[in-house]
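Let me begin by presenting the structure, written as structure tokens, before commenting on it.
Only the coordinates and a few stated rules stand behind these numbers; no lab work does. A quick note: this is a predicted structure, and the numbers were derived from the prediction, not measured. Quick reminder, even Gly has a Cβ in these numbers, built from the backbone with ideal geometry, and neighbours come from all protein chains shown.
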Amino acid sequence: MKFVVCLSREGFGEFSTVDLTLGRLYEVLAPADSHGMLRIIDNSGEDFLYPASLFEAVEV
């Protein structure tokens, strides 16, 4: 499993970051693709694509 921590909630155009918490650990469901996106389960409990630049990978 891969995990990331949220470092920024700055909006990216059409991407809402309301369901992210700064400093929170999130599980990555799919690896980063060529478009720089990560699929994670956010605070809503659903999985969504977010820009990888909002996160940093961590080992647990």
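The packing ranking of peptides 17-26, 47-56, highest mean first, is 47-56, 17-26, where packing means the average number of other beta carbon atoms within 10 angstrom of each residue.
Positive-end ranking of T17, A30, C6 along the dipole of the chain, with charges on Cβ about the Cα centre, is headed by C6.
What does the charge count near I41 come to, summing +1 for each Lys or Arg and -1 for each Asp or Glu among other residues with Cβ under 14 Å from its Cβ? Here the charged neighbours net out to -2.
Taking Cβ atoms as reference points and 12 Å as the exclusive limit, the residues near V5 contribute a net charge of -1, counting Lys and Arg as +1 and Asp and Glu as -1. Net charge of the neighbourhood of L54, taken over other residues with C-beta under 10 Å away and scored Lys/Arg +1, Asp/Glu -1, is -1.
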